[in-house]
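The values are calculated or read from the model by the stated rules, or taken from the named source; none is laboratory data. Since this is a predicted model, take the numbers as computed values, not measurements. Here the Cβ is made from the backbone with ideal geometry for all residues, glycine too, and neighbour counts use every protein chain on show. The accessibility values were calculated without ligands, DNA or RNA, using every heavy atom of the protein model including side chains. Shrake-Rupley method; radii C 1.70, N 1.55, O 1.52, S 1.80 Å.
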Amino acid sequence: MTNLNDLPLDSSWQQYLTEEFNKAYMQKLQSFLQQQAQQKKIIYPEENQYFHALNLTPFKQVKVVILGQDPYHGEGQAHGLSFSVLANTKYPPSLVNIYKELTGDLAIELPESGNLTSWAEQGVLLLNSVLTVEKNQAAAHQKQGWEQFTDKIIQSLNEYSEGIVFILWGAYAQKKASFIDDKKHFILKSSHPSPLSSYRGFFSSKPFSKTNAYLESIGKSAINW
């Protein structure tokens, strides 16, 4: 397995994250991932896509952060963007509900693909808190170090940017609000889009129109969802 600090990472992020790779928690994470590889475990997404979200959305271009928990663990699904799946892949249940809310919120047609790359390219950072997972083993890579790394990403955006919309779906994501300055940024919270909780306030929460209204109110261009 390649060392994490040798994987492709957009230069705009390096000044905020390079030091992290030398810290003990990242060394521990590296060892864990190497052990998984030695045990012939199948890990998603592919190695060169661990930092795909960061590479598609450079630091200064981030306008929105949609925080997920960990990657999809089914074959052919995860490709490094939270909630997104590769084209021609069946929509996972959470994405089905995201699209239901999207079409209801903005009165637009259902997107033809579950690939959210077009969002990322417009400044929507689709960040999972944990960046890898074992095939068919949900949450298998939690508490191995990724959370500290992705918290650093959020903290850096909070400190060195202004006017970012943080979309926090579910209790897990909402814990991250504790280190986001709501005087500098706009935080949107609701229940998670998964079928287990979407009925508790996700539907009709209108995150997409609210995001665009805020962006336009501070002179930024809206997202073409």
Could you report the chain's accessible area per residue, 1.4 Å probe, as an integer in Å²?
47 Å²
Run the accessible area of the stretch 1-148 with a 1.4 Å probe and give the carbon-and-sulfur part as a rounded percent.
45 percent
Could you give the Stokes-Einstein D for the stretch 163-225 in µm² per second, using the C-alpha Kirkwood radius, 37 °C, 0.692 mPa s?
265 µm²/s
For the chain, the longest principal axis of the Cα atoms and the Cα long axis of helix 93-106 enclose an angle in degrees, to the nearest 10, of 30 degrees
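Among rounded, prolate and oblate, which fits the stretch 1-94 when a ≥ b ≥ c are the square roots of the eigenvalues of its C-alpha gyration tensor, a/c under 1.5 means rounded, and a/b larger than b/c means prolate? The partial results should precede the final answer.
Numbers: a/c = 2.13, a/b = 1.10, b/c = 1.95.
Verdict is oblate for the stretch 1-94.
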Would you work out which of G219, I167, H192 lies farthest towards the positive end of the dipole of the stretch 136-225, given +1 charges on the beta-carbon of Lys and Arg and -1 on that of Asp and Glu, about the Cα centre?
H192
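If you place +1 on the Cβ of every Lys and Arg, -1 on the Cβ of every Asp and Glu, and leave all else neutral, what size is the dipole of the stretch 71-206 about its Cα centre, to the nearest 20 Debye? Spell out each step's value before the answer.
On the way: 12 positive and 13 negative charges, 81 e Å.
Dipole about the Cα centre, nearest 20: 380 debye.
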Tilt relative to the chain, helix 24-38 - C-alpha long axis, 0 to 90 degrees, to 10
70 degrees
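Given the pairs K100/K152; K23/K210; K23/K60; K40/K175; K63/K175, which span a C-alpha to C-alpha distance of over 30 angstrom in this model? Intermediate values should be presented prior to the final figure.
Details: K100/K152 32 Å; K23/K210 38 Å; K23/K60 25 Å; K40/K175 34 Å; K63/K175 20 Å.
In this structure, K100/K152; K23/K210; K40/K175 exceed 30 Å between Cα atoms.
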Output the antiparallel fraction of DSSP beta bridges having both residues in the chain, as a percent to the nearest 5.
20 percent
What FRET efficiency, computed as 1/(1 + (r/R0)^6) with R0 = 22 Å and r the Cβ-Cβ distance, is obtained for L106 and I187, rounded to the nearest 0.05?
0.60
As an exercise, use a Förster radius of 35 Å and the Cβ-Cβ distance of Y25 and E216 to find the FRET efficiency, rounded to the nearest 0.05.
0.35
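Which shape class, rounded, prolate or oblate, goes with the stretch 53-193 when its Cα gyration tensor gives a ≥ b ≥ c as root eigenvalues, a/c under 1.5 marks rounded, and past that a/b bigger than b/c marks prolate?
Details: a/c = 1.60, a/b = 1.17, b/c = 1.37.
Oblate is the answer for the stretch 53-193, as a/c is 1.5 or above yet b/c matches or exceeds a/b.
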Sparse-neighbour loop sites [trypsin sites (Lys or Arg not before Pro); the stretch 17-79; at most 12 other C-beta within 10 Å; DSSP]
K40
Pairwise label distance in nanometres, Q38 with N224, each label 7 Å out on the Cα-Cβ vector:
4.9 nm
Using only Cα atoms and rounding to the nearest 10 degrees, what angle (0 to 90) does helix 207-217 make with the longest principal axis of the chain?
80 degrees
